[in-house]
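**Student:** Mind having a look at this structure? Questions to follow.
The values are calculated or read from the model by the stated rules, or taken from the named source; none is laboratory data. The model shown is predicted, which means the values in this text are computed figures rather than measured ones. In this analysis, Cβ positions are derived from the backbone assuming ideal geometry, glycine residues included, and neighbour counts consider all displayed protein chains. Heads up: the accessible areas ignore ligands, DNA and RNA and are worked out on the full protein's heavy atoms, side chains in. Shrake-Rupley method; radii C 1.70, N 1.55, O 1.52, S 1.80 Å.
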Amino acid sequence: MTMLVLPIPLVTALVVGFMALRLAISRERPPAITVMLFAFAAQSLIVALVQYYGLAFLRPVQPVTASLIPAVAFLAFTRSFIAPLHPARDSLHLLAPLFTLFAVLFAPATVDAIIPGLFLLYGGLILVALKTGGDALPLARLEAGRQPQWLWTGIAASLILSAVSDTLIAVALAHGDPAFRPLIVSIFTSGALLAAGLFALSPNAFGSDTEKEPAAPAPVAEDGDRDLVARLDMLLEEEQLFLNPELTLSRLARRLGIPAKQLSAAVNKVTGDNISRHINHFRITHACAILKAGETVTSAMLASGFNTKSNFNREFSRVTGLSPTVWLAQQ
């Protein structure tokens with residue numbers, strides 16, 4: 001009896017493709033994330049068809065579609081956390097596959113250097129953006145804490161790992177070891193795409209805001225920072241915006257009619273905290289009142305704008321110096 005064995009790239013294509021289709025139907029993720037997953041699945045499918053099923057006519061297509069992967073991932077990242085879609089600006093990233101197509105047609109010897117270079121470039125750009133900290137991601141949900149940075153660090157690392165696998169393939173071919181190519185593709189490339197797809201499934205791998213910020217007004221003097229934070233605190237207290245787990249820096253800035261960067265800088269100067277920690281002070285204070293009223297820790301967590309117990313416990317301990325159960329026992 002012959003057992004059906006599927007190559008790893010095809011398995012990756014099926015898994016990631018199913019995830020993308022499910023998200024597209026349920027609309028649980030922004031379109032940019034879904035498009036990224038479909039691109040990952042399509043590339044894995046093309047790799048399987050070329051490497052394992054001998055469809056040679058797709059071989060020139062493979063590097064062109066591969067060059068789309070890092071560009072699509074970078075656009076998904078920036079659309080999720082930094083700024084809404086800007087067609088004129090974002091269409092410039094189509095130069096990556098166009099340049100790769102030109103190389104395939106007129107300078108095929110350079111393709112093995114172009115593809116890893118693109119993966120390294122875009123992976124590096126994501127890491128540089130993440131290094132600046134949470135307040136540099138105005139569309140990230142404040143409740144998510146540092147999870148967006150961790151998740152997209154994983155996706156960026158997966159892109160860089162793909163670049164490493166492409167380089168290993170080129171070295172193997174240069175040394176006359178083509179037999180290693182399928183193994184490298186299976187272990188590294190497919191694994192990297194699958195890992196990136198799994199990271200993208202997390203609800204904290206994307207933001208929740210797509211509206212445009214107002215144009216930046218004239219710079220506010222530093223002595224206005226305290227007034228600005230006071231306006232923010234009054235808004236939070238009066239409307240209890242902090243109870244919304246979808247709250248973002250961008251939304252708060254729009255309510256105050258100022259740029260997100262100005263609000264973030266003012267909060268940091270006045271309180272020494274970033275905007276996420278400042279909001280969490282309000283949330284934990286609210287949670288303490290609910291706990292005193294006799295509610296459970298889980299009820300207090302959900303009623304105070306938190307979605308995950310790990311974030312709630314961490315922030316509760318940071319603000320009060322105690323875990324929720326220990327704090328409650330001392331009341």
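**Student:** Between Asn307 and Leu92, how many nm apart are label points set 7 Å from Cα along the C-beta direction?
**Tutor:** Here the answer is 3.1 nm between the modelled labels.
**Student:** Name the long-range amide H neighbours of Arg141: under 5 Å, sequence gap of 5 or more, or other chain; modelled H, no Pro or chain starts.
**Tutor:** So Arg141 has HN proximity to Ser208.
**Student:** I would also like to ask the following. How large is ³J(HN,Hα) for each residue in the stretch 241-247, as worked out from phi by the Karplus curve 6.51 cos²θ - 1.76 cosθ + 1.60 (θ = phi - 60°), to whole Hz, x for Gly and Pro?
**Tutor:** 4, 5, 6, 7, x, 8, 4
**Student:** Using a 1.4 Å probe and counting only protein heavy atoms, arrange Leu92, Leu6, Leu228 so the residue with the most accessible area comes first. Don't jump to the answer; show the numbers that get you there.
**Tutor:** Numbers: Leu92 110, Leu6 70, Leu228 10 Å².
Accessible-area ranking of Leu92, Leu6, Leu228, largest first: Leu92, Leu6, Leu228.
**Student:** Order these peptides, 81-88, 315-322, by their mean beta-carbon neighbour count within 10 angstrom, highest first.
**Tutor:** Numbers: 81-88: 13.4, 315-322: 16.9.
The peptides rank, most packed first, as 315-322, 81-88.
**Student:** From the phi angles alone, apply the Karplus equation (6.51, -1.76, 1.60; θ = phi - 60°) to the stretch 38-49 and give each ³J(HN,Hα) in whole Hz, x where the residue is Gly or Pro.
**Tutor:** Once rounded to whole Hz, the list reads 4, 5, 4, 5, 5, 5, 4, 5, 4, 4, 5, 5.
**Student:** Provide the per-residue ³J(HN,Hα) series for the stretch 89-97, in order, calculated from phi with Karplus coefficients 6.51, -1.76, 1.60 and θ = phi - 60°, each as a whole number of Hz, with x at glycine and proline positions.
**Tutor:** 6, 6, 5, 5, 6, 5, 5, 4, x
**Student:** Rank Ile115, Ile160 by accessible area, highest first, at a 1.4 Å probe radius? Don't skip to the end; give the middle numbers.
**Tutor:** Values: Ile115 15, Ile160 50 Å².
Solvent-accessible surface, decreasing: Ile160, Ile115.
**Student:** Could you tell me the accessible area of His93 in Å² (1.4 Å probe, neighbours in place), rounded to the nearest ten?
**Tutor:** 40 Å²
**Student:** Can you find, among Ile279, Leu235, Ile258, the residue farthest towards the positive end of the dipole of the stretch 231-331? Put +1 on the C-beta of Lys and Arg, -1 on that of Asp and Glu.
**Tutor:** So the residue furthest toward the plus end is Ile258.
**Student:** Oh, and also: Determine the share of the stretch 1-157's accessible area contributed by carbon and sulfur atoms, expressed in whole percent, with a 1.4 angstrom probe.
**Tutor:** Numbers: 5920 of 7740 Å².
Carbon and sulfur: 76 percent of the exposed surface of the stretch 1-157.
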